[in-house]
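A quick write-up on the structure given underneath.
The values are calculated or read from the model by the stated rules, or taken from the named source; none is laboratory data. Note that the structure is a prediction, hence the values are computed from the model and not measured. Neighbour counts run over all protein chains shown; Cβ positions are idealised from the backbone, glycine included. Note: areas computed on protein heavy atoms with side chains; ligands, DNA, RNA excluded. Shrake-Rupley method; radii C 1.70, N 1.55, O 1.52, S 1.80 Å.
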Amino acid sequence: MLVFDGELYQKNDDISDSHYILNSYLEHGIDNMFNYLRGTWAMCIVDLRISKVYIVRDKMGEKPCFLAYF
């Protein structure tokens, strides 16, 4: 599952940003996928296969990213 806010600059216009991010995650893994993402974004990736949640944002921190626990 992916929650994404932002814009990617380098991707092919034939696919959506979300599709590109999920493909990058599945192909390269969480550690290497950020080498392929250029733009301003904040996202949450939930990988139910391994029971992990990743909450990340771009290097410049342009998009806000908030975490709340209820």
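For the reader, a short list of remarks on this structure follows.
- Contour minus Cα-Cα distance for TYR36 and SER51 (0.36 nm per residue): 3.0 nm
- Helix-only CD estimate at 222 nm, as mean residue ellipticity for the chain, using -39500 (n - 2.57) per DSSP H run (n ≥ 4): -7500 deg cm²/dmol
- Take 56-64, 18-26 and order them by the average number of nearby Cβ atoms within 10 Å per residue, most first; the result is 18-26, 56-64.
- 3J(HN,Hα) from dihedral phi, the stretch 58-70, Karplus parametrisation 6.51/-1.76/1.60, rounded to Hz, x for glycine, proline: 5, 4, 7, x, 5, 8, x, 9, 10, 10, 10, 10, 10
- What a 1.4 Å probe finds exposed on the chain is 53% carbon and sulfur by accessible area, rounded to a whole percent.
- Euclidean distance between Cα centres, the stretch 17-40 to the stretch 41-70, Å: 13 Å
- Remark on the chain: hydrodynamic radius 12.6 angstrom, per the Kirkwood mean of 1/r across alpha carbon pairs.
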